[in-house]
1. Restricting attention to the range 343-371, and to residues there that are polar (S, T, N, Q) and over 11 Å from residue 191 (Cα atoms), which single residue is least open to solvent (accessible area, probe 1.4 Å)?
2. In the range 331-342, is there at least one residue being touching a strand residue (DSSP E or B) at 6+ places or on another chain (Cβ under 7 Å), on the phi < 0 side of the Ramachandran plot, in contact (Cβ under 8 Å) with a residue 24 or more places away in the chain and open to solvent by 20 Å² or more (accessible area, probe 1.4 Å)?
3. How about the range 455-486: which of its residues are surrounded by 20 or more Cβ atoms within 10 Å (Cβ to Cβ), modelled with pLDDT of 95 or more and over 18 Å from residue 497 (Cβ atoms)?
4. Residue 415 passes all but one of (1) over 20 Å from residue 227 (Cβ atoms); (2) buried (at least 23 other Cβ atoms within 10 Å of the Cβ); which number fails?
5. Mind listing whichever residues of the range 429-452 are in contact (Cβ under 8 Å) with a residue 40 or more places away in the chain and not in a helix (DSSP H, G or I)?
6. Failed condition for residue 205, given (1) buried (at least 21 other Cβ atoms within 10 Å of the Cβ); (2) more than 17 Å from residue 256 (Cβ to Cβ), with all others met?
7. Just checking, does the range 461-473 include any residue being in a helix (DSSP H, G or I), among the charged types (D, E, K, R), without any contact (Cβ under 8 Å) to a residue 60 or more places away in the chain and touching a helix residue (DSSP H, G or I) at 6+ places or on another chain (Cβ under 7 Å)?
8. Mind telling me which of the residues 253, 243, 226 ends up being open to solvent by less than 30 Å² (accessible area, probe 1.4 Å), in a loop (DSSP other than H, G, I, E, B) and either farther than 22 Å from residue 41 by Cβ or without any contact (Cβ under 8 Å) to a residue 12 or more places away in the chain (or both)?
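The values are calculated or read from the model by the stated rules, or taken from the named source; none is laboratory data. Every value quoted in this text rests on a predicted model; they were computed, and no experiment measured them. Note that each Cβ is placed from the backbone with ideal geometry, even for glycine, and that neighbours are counted across all protein chains shown. Each accessible area value is taken on the protein alone, full model and side chains, heavy atoms only, with ligands, DNA and RNA left out. Shrake-Rupley method; radii C 1.70, N 1.55, O 1.52, S 1.80 Å.
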Amino acid sequence: MNFTELELLRATAKETIKLRLGEEPSDNYKYHVLVCGGTGCISIGCKNTLESLQESITKNNLQDQVKVVVTGCMGTCEMGPVITVFPEGYYYCRVQPEDADDIVSTHLMGGKIVERLCYHAADGSVQPRKNDMTFFKKQKRNALRNCGLINQTSIEEYIAMDGYKALAKALKQMTPQQVVDEVKKSGLRGRGGAGFPTGVKWQFVLDQQSDQKYIVCNGDEGDPGAFMDRSVLEDDPYSVIEAMTVGGYAVGASKGFAYIRLEYPRAIDHFNKALERSREIGLLGNNILGTDFCFDIEIRVGAGAFVCGEETALLASIEGRRGEPRPRPPFPAVSGLFNKPTIINNVESWASICPIIVNGAEWYASMGTEKSKGTKVFTLAGKITNTGLVEIPLGLTLREMVEDIGGGVPDGKAFKAAQTGGPSGGCIPAAYLDTPIDYENLAALGSIVGSGGMIIVDEGTCMVDLAKFYLGFTQDESCGKCTPCRIGTKRMLEILERITKGLGKEEDLDLLVELANSVKASALCGLGQTAPNPILSTLRYFRDEFEAHIKDKTCPAGVCKMPRKGLKS
């Protein structure tokens, strides 16, 4: 395939999705019915809903008027199974198989919406269209731009949505240095947790002289409650493949590896299919788009070790060695995979690249804050009305995330805290609800943006128990290579276990802080260095709960089992 053939394919493919874009279609379809086929909706029965819908359409002889498309995650995971009807964009929630006939007869044949299946806001108002919904109004979809809108593995639909425009522009109009400069000017920072400037990392690799360089996608998403990367890999794999190819051109790499955890079988399957299709039409392999540029990608499946999310441990795993971190420097940009210069970015970082190349760095930098540019994907979970996948411009406040997008805390309970950044992050209490969400503000509060997990807890949550949960996770996932992490997390966990059993001592709190700071300062990798964060942040904002467990032998939230009165520690 050459540049001309790519644009011809784009023009042809775009005709098939015009109805979804609000444009006049050239075919006979009156409606496009999009059924969410994300993992969340599959788990609650979307396949049965899909079958009933197709049967009802066939029974009423509407096959030539209604096109049914299975898409990726639409974001509203708590509301599934979800269906969107275009051209109007009506959004139906919790659609059961028995609702199919009603949608077909009332909406597709009668032209009236099925109001009972529409989204009902907290104030009771009906918000029938996707664009009306408070869940979506403050979102800005960039990395998730195609999720829930196109067929998950169709390269034609991806190309119709401006797919491979970035690669064509890079190969035809830009030098490698210009591509790197565009990424640098955009202000994009790594979305995997550390927040290091992506373009600066690319520049380091471009500047290296080597006979071989590598591109790596870190898809080893392991934070509890996080599924941002999984959704992109499952639902828009071509966005990652194209971006990795652009990255290969930018730094002079001819080989890429996508490291995906074993627990994501659908992501592995869809990514494999996307790789095969890309090779079939000449968008991976030799002489891409008729140029001298050659690039290909392989999948490496991770065994599920959380520590392999750390870049040096991940590289060791790809090489076939035990996934353990190593000291840096040298950094992977200088000596990475097989001791060659290597770019490692996470899935969301890669998914953000192509729009930057197509629309320009200024476009991306216009979103977000002064130091935290662009958008960020979060998984909103826990004690929140609307759980799901959210992408916001950085700088949106935590209150807007919780109350507007999330719909607030259910059952009339009070918001207590937001845990951001997973086991490496911290808790942000209600006093800071009006804090803009960005890298600097969250760090100042003792938490991190991290990969994007955001778990909301209400007044019924014990913060000591929550800290114990996260520390138990990191202690269990420690690779054991360095003593501070291996022993330090174990000792901190033992103290927390004593406290939650009503057996703690007042001096335990000072010991916890001392241990936490020691581990933070001396652990080898990011896993160990950030493991104390949940302890330090909960002690900072909820010390009274720790003291109640120790002094009064009570759990204010009523979660921890305390000894009967009179029993001494």
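1. Of everything passing the filter in the range 343-371, 369 is least open to solvent (accessible area, probe 1.4 Å).
2. yes
3. If the condition is that a residue be surrounded by 20 or more Cβ atoms within 10 Å (Cβ to Cβ), modelled with pLDDT of 95 or more and over 18 Å from residue 497 (Cβ atoms), then 455, 456, 457 are the ones that fit.
4. It is condition (2) that residue 415 fails.
5. If the condition is that a residue be in contact (Cβ under 8 Å) with a residue 40 or more places away in the chain and not in a helix (DSSP H, G or I), then 429, 436, 437, 438, 445, 446, 447, 448, 449, 450, 451, 452 are the ones that fit.
6. Residue 205 satisfies every listed condition except (2).
7. yes
8. 253
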